[in-house]
């Protein structure tokens, strides 16, 4: 059973509007928009907004899946005020279509939104209850961001209890089926709405969604199945990652009784480098050369992220000219790297000796 997300005014949420993207947005645009919102509204951050974070996560779950997105697009999004947009779905018309069915006269009829819209978003099963997503920030040196690195960091979070393996039962103790939900982990509730009585399900508060109750509670977690503790996380920073990007680590967020763990989002902050800056997959640096070398040409040793290398300065190079060293930039794709772009800065002498002045005057007379 899968429910369409509908607000209390009977309007379908506009997932594109929630993420702040156009309907024809690419997968990358959708992903970037979600990353921004996830970092901004995460409830663990100061000034975060759990409701908006969940709303953005819900929108991303649909729009990032090509099949769910296509099915969602067929039904459109409800405009403010309750009117359906082009290709939208109107609940009033939907209700009228059922007037001929036995028992449906808009009075006490019970149906489940998941039963009606079970296949709109691809699949008839209800999304599993899961633990909270959490986020953290780490700083990496410029070179590590270019070539990739690994980090081990300690985070404090709600994790599965090792003593009972998350069951909540004391070691050696058995569990029994929950009497409140008959072992289903969910309880059904019915409430009246403007189009009838709508049935919904929620996590069973007695067994916390596990469907089982321990006969003897775990001494460590007191039967909760989860505990607050520090956990070491191994973060793999991929080569070429940019400042501000986020790494998603599925299942490394907070644990929850009776459901899978949430995700961990790691935001990368790349330190600035004294020699290099980045533009896309290329690295930029500057090299100061003497005036005579600029006029006559020369060879300089230049520092790259791979070590020193020779750079030929062509005769007559100009101030600000860009020279390219191929394959010394940022890795991308399979075995491919960008280039190192070297900007030439000519060191013009402030004072000239008499002999130098005479030489320059001679050049000027020759029209150089």
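Just so you know, all these numbers are worked out from the coordinates, no wet-lab data involved. As the structure is a computational prediction, the values presented were derived from the model and not from experiment.
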Task: Relative contact order of region 134-270, defined on C-alpha pairs under 8 angstrom at six or more residues apart (%) - done: 39
Task: Within region 258-353, percent of DSSP bridges classed antiparallel, to nearest 5 - done: 65
Task: Spatial separation of Cα centroids for region 20-43 and region 168-208, in angstrom - done: 34
- [ ] Find how many whole Å separate the alpha carbon centroid of region 227-261 from the alpha carbon centroid of region 335-355.
- [x] 45
